[in-house]
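Notes for the one structure printed next.
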Amino acid sequence: MLCLKFARLFLLLLSMVLAIGGPATVAHAHEFNPQELGTKLSVGYAVRVLDVNADGKQDIAIVDSRRVLWLENPSWNEHVVYETPDAKFDNVCFAAHDVNGDGRIDFALGADWQFGNSDSGGTIGWLEQTSEGPWIYRKIASEPTTHRMQWADLTGDGRASLVVAPLKGRGTRGPGFDQVGVRLLAFTPGADPAKETWSRRVLTDELHVMHGLQVADLNQDEREDLLTASYEGVTWLQAGASGMQLKRLGTGQEQPAPKRGASEVRQGRLADGQLYLATIEPWHGDKVVVYIAPHDWQTSSELWTRFVLDEQLAWGHAVVCANLDDDPEEELVVGVRDDLSSEHRSGVRIYDPVNPIEGAWSRELLDAGGVAVEDLTVADLDNDGDMDIVAVGRATHNVKVYWNQLRREQSEP
């Protein structure tokens, strides 16, 4: 155990030296055991971890191009709950919630994904989990280029609404797609969501080309807010008496469209509770970026301090902040979708704060080329107290679990 502690101290000191001035690869700073599951995907657009069948175990749910499925923990047997093999266009996003209050998890689903069509298409619906037999699909609405969705209780009344973020404003055209803003929508189910029309409201249409959406209580007031990644960079949205209040926190990449703004966003915490935001920049970008919050960020108009951590990637496409090693800070986990070169491959990268106030983070590469990451998430899949990583691929068509070996290492003599 003592030798292990000295080894970890050495790696920490090494990462501090290497991280200054840019990203550095630090071997074995975190130990993960990769496992490829048997499921084969077409395009793994989105992955979430949740207890689908209420057996107390965390399962893996995936939206594939023509299927919605979940993998049962611990056998990882595949259960397809919705399949549209003849559909012309893809499923693209989903969000889990007990929509009708029957105690079973349901899935909201965004489908009919047409990247090049901002005039029509983009279906929004939900899949009702029944006590027996197949799940039932029910349509809610449609919005062109529907691309991201999350459930959020924005008003604090205990009722969650489905927040839907299209990628582009309706009727926009390339190359910038910035003629009008995106309609960020909220759909609220009624007492009988299977029969009643869901109410709809536009939260804002001030932002352009929105690729990232997160629900977060940023100011810890026990009310859920929204973080968006768009051409405007990172924006914080709070529900107020007169509608949504928007506050820009991060600049994004400040270049002409379409190489503008931010593409993904997640909130993380540092050792003293200070907030940071992690992004991929610009839209469909090639940079891993963090923003460090000023201590008076809620009352100040000052933008958060921007640091570029990594430019050695092609198309970062997933971002998660999580504590992987029980230290006081949350690491940044990024999925890279494409190979930049034979040296800089697709896969999972971990960035660990070393001196984050000065922009110093170490970088670790997991299983380079093992997953062309379209999406990833973190969760404690084996209930051992540490966080594992689940990644789904596009070009690799696979599902991989990276089992965190932290508890095993701590138990070694």
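The values are calculated or read from the model by the stated rules, or taken from the named source; none is laboratory data. Owing to the predicted nature of the structure, the values given are computational and were not obtained by experimental measurement. Virtual Cβ from ideal backbone geometry, glycine too; neighbours counted across all protein chains shown. For the accessible areas, the whole protein counts, side chains as well, though only heavy atoms, and no ligand, DNA or RNA atoms are used. Shrake-Rupley method; radii C 1.70, N 1.55, O 1.52, S 1.80 Å.
Numerical summary
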read-out	value
Residue within the range 248-268 that is surrounded by 16 or more Cβ atoms within 10 Å (Cβ to Cβ), within 20 Å of GLU330 (Cα to Cα) and touching an Asp or Glu at 6+ places or on another chain (Cβ under 6 Å) present	yes
Whichever residue in the range 72-82 is in a strand (DSSP E or B) and over 20 Å from GLY122 (Cβ atoms) and, among such residues, is least open to solvent (accessible area, probe 1.4 Å)	VAL81
Residue selected from the range 138-189 under the condition open to solvent by 30 Å² or more (accessible area, probe 1.4 Å) and among the small types (Gly, Ala, Ser), by the criterion nearest to TRP126 (Cα to Cα)	SER142
Subset of the range 117-147 [within 18 Å of HIS211 (Cβ to Cβ) and in contact with a Ser or Thr (Cβ under 9 Å, 6 or more places away or on another chain)]	ASN117, SER118, GLY121, GLY122, ILE124, GLU143, PRO144, THR145, THR146
Boolean, GLY125 is over 30 Å from ASP367 (Cα atoms) and touching a strand residue (DSSP E or B) at 6+ places or on another chain (Cβ under 6 Å)	yes
Positions within the range 341-363 being buried (at least 21 other Cβ atoms within 10 Å of the Cβ) and either in contact with a Lys or Arg (Cβ under 9 Å, 6 or more places away or on another chain) or part of a loop (DSSP other than H, G, I, E, B) (or both), in sequence order	SER346, VAL348, ARG349, ILE350, TYR351, ASP352, ARG363
